[in-house]
1. Which residue pairs have Cβ atoms closer than 9 Å, lie 6 or more positions apart in sequence or on different chains, and pair a first residue in the stretch 7-19 that is closer than 12 Å to GLU306 by Cα and touching a residue at least 40 places away in the same chain (Cβ under 8 Å) with a second residue that is open to solvent by less than 50 Å² (accessible area, probe 1.4 Å) and among the charged types (D, E, K, R)?
2. Scan ARG270, ARG225, ARG249, ARG284 and give me the residue that is part of a helix (DSSP H, G or I), within 15 Å of the ligand (Cβ to nearest atom) and not hydroxyl-bearing (Ser, Thr, Tyr).
3. How many of the residues in the stretch 270-290 are over 10 Å from TRP208 (Cβ atoms) and of a type outside the set (A, V, I, L, M, F, W, C)?
4. All but one of (1) assigned to a helix (DSSP H, G or I); (2) open to solvent by 80 Å² or more (accessible area, probe 1.4 Å) hold for ASP319, so report the exception by its number.
5. Considering only residues that are open to solvent by 10 Å² or more (accessible area, probe 1.4 Å) and part of a loop (DSSP other than H, G, I, E, B), which ones fall in the stretch 161-199?
6. Cβ contacts < 8 Å: first residue under 12 Å from SER248 (Cβ atoms), restricted to the stretch 196-207; second residue basic (Lys, Arg) and part of a strand (DSSP E or B), any location; separation 6+ or different chain. Result?
7. Of the residues that make up the stretch 104-121, is at least one within 14 Å of the ligand (Cβ to nearest atom), open to solvent by less than 40 Å² (accessible area, probe 1.4 Å) and in a loop (DSSP other than H, G, I, E, B)?
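The values are calculated or read from the model by the stated rules, or taken from the named source; none is laboratory data. Remember, it's a predicted structure, so these values are computed and weren't measured experimentally. Here the Cβ is made from the backbone with ideal geometry for all residues, glycine too, and neighbour counts use every protein chain on show. Heavy atoms of the whole protein, side chains included, go into the accessibility calculation; ligands, DNA and RNA do not. Shrake-Rupley method; radii C 1.70, N 1.55, O 1.52, S 1.80 Å.
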Amino acid sequence: MTSSETDLVRVLEADGRFAPSPAAEQYLPLIEAISDAELEQFYRDMVVIRAIDNQATNLQRQGQLALWPPSRGQEAAQVGSARAARAQDTLFPSYREHAVARIRGVDPIGIIKLMRGISHGGWDPTDPANGNTRLYTLVLGSQVLHATGYAMGLNFGDRSGTGDPERDEAVIVYYGDGASSQGDVHEAMVFAASYQTPTVFFLQNNQWAISVPVATQTRVPFAQRSAGYGIDSIRVDGNDVLASYAVSRVALDGARAGKGPRAIEAETYRLGAHTTSDDPTKYRTSDEEKSWELRDPVPRMRAFLEGRGAAGSFFAEVDAEAAEAAEDLRVRTLALESPPANKIFDHVYSEQHPLMDEQRAWREQYEASFEQPTQNGGIRA
Ligand SMILES: Cc1ncc(C[n+]2csc(CCOP(=O)(O)OP(=O)(O)O)c2C)c(N)n1
């Protein structure tokens, strides 16, 4: 990697000290304007989602979920960017944007239902309560094309770049370093640059695509790649919530104002496993893990707030809220019931479809065959 530290936007050191990097200079007025209440909210967001994430990981281990992709370590990248979005913006997540989804109003039980295998989507992306958050996408990179197409639609509909910041909309799409090797991401960037769509490409570089290290995915920092498409690109310390917020604010404001697409590469680290099906000890060293634990975004922000004089009672209150949110999720997960099996045919097509009717009927007949009396009068097992 030729990745250089000098172009990285960072304002918080690993120990929470406020020490802006040269690249952070232009963002300082924005960062200094963040209110105390907002700073506390950033911290609260990160702590609560971490507790929810731990709970979901435990639920998977206890057989309640088929799978869970942990977000531990990536909270600052997600919270900063999601808090930077305006209510009218549309967000296209990948599959571990739990903090993003929660901030936009998605109830985490929707993610649980998806990972338990009892829902095809998890939530209704058109319900205003879900803050314009599209569904999780497990096919790597496809949401990047969806986001760019959606952003193109905003241009066609005069919903972006009209000069009215209260109305103008932008799109932010999340994807990973591994996903960036998919053709979809490159096609989306060519298209976005050609048509100047209001898309913000938010790449969380968490250093690994399951067991494939980032050095295999790219020879140059990802921000250089997107710049090569003619897209304004920036690298940010993704474990610094303030830096993530500031670069996302500027990128989204620019996209919304009609200045074309922007790309952000957030340098972060997946502290947990890729998913609960993965064992990272097979491919990464504990030294690497420890070095990133020292850059954990949550204690970093806590140290910053303590340095500004935040009261111990504030941290206790946040911990209590997080514990309550996690417990609430556990209780509601254990109470979930499976939908009727035939529901699987309901949303394959948006309207009734003869093939689905046929398959539904076949399945009903198959189930009923278990109930048919046998010749000796018993019930066939
Ligand atoms: C098109 C496609 N190919 C392969 C996979 C299998 N797969 C799931 S996650 C993953 C690695 C993704 O890594 P990255 O994009 O860095 O995201 P991360 O999971 O690290 O957040 C792969 C190869 C997939 N889901 N979709």
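1. From residues that are closer than 12 Å to GLU306 by Cα and touching a residue at least 40 places away in the same chain (Cβ under 8 Å), the pairs are ASP15/ARG300; GLY16/ARG300.
2. Numbers: ARG270 fails: part of a helix (DSSP H, G or I); ARG249 fails: within 15 Å of the ligand (Cβ to nearest atom); ARG284 fails: part of a helix (DSSP H, G or I).
On inspection, the qualifying residue turns out to be ARG225.
3. Here the count works out to 12.
4. (2)
5. Correct list: GLY161, THR162, GLY163, ASP164, PRO165, GLU166, ARG167, GLU169, GLY178, GLN182, GLN196.
6. As it stands, the answer is VAL200/ARG262; PHE201/ARG262, since those pairs meet every condition given.
7. no
Yes or no, residue by residue, for (1) within 15 Å of VAL200 (Cα to Cα); (2) of a type in the set (Ser, Thr, Tyr):
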{"residue": "SER81", "(1), (2)": "yes, yes"}
{"residue": "GLU97", "(1), (2)": "no, no"}
{"residue": "GLY117", "(1), (2)": "no, no"}
{"residue": "PRO125", "(1), (2)": "no, no"}
{"residue": "GLY157", "(1), (2)": "no, no"}
{"residue": "GLU166", "(1), (2)": "no, no"}
{"residue": "ALA170", "(1), (2)": "yes, no"}
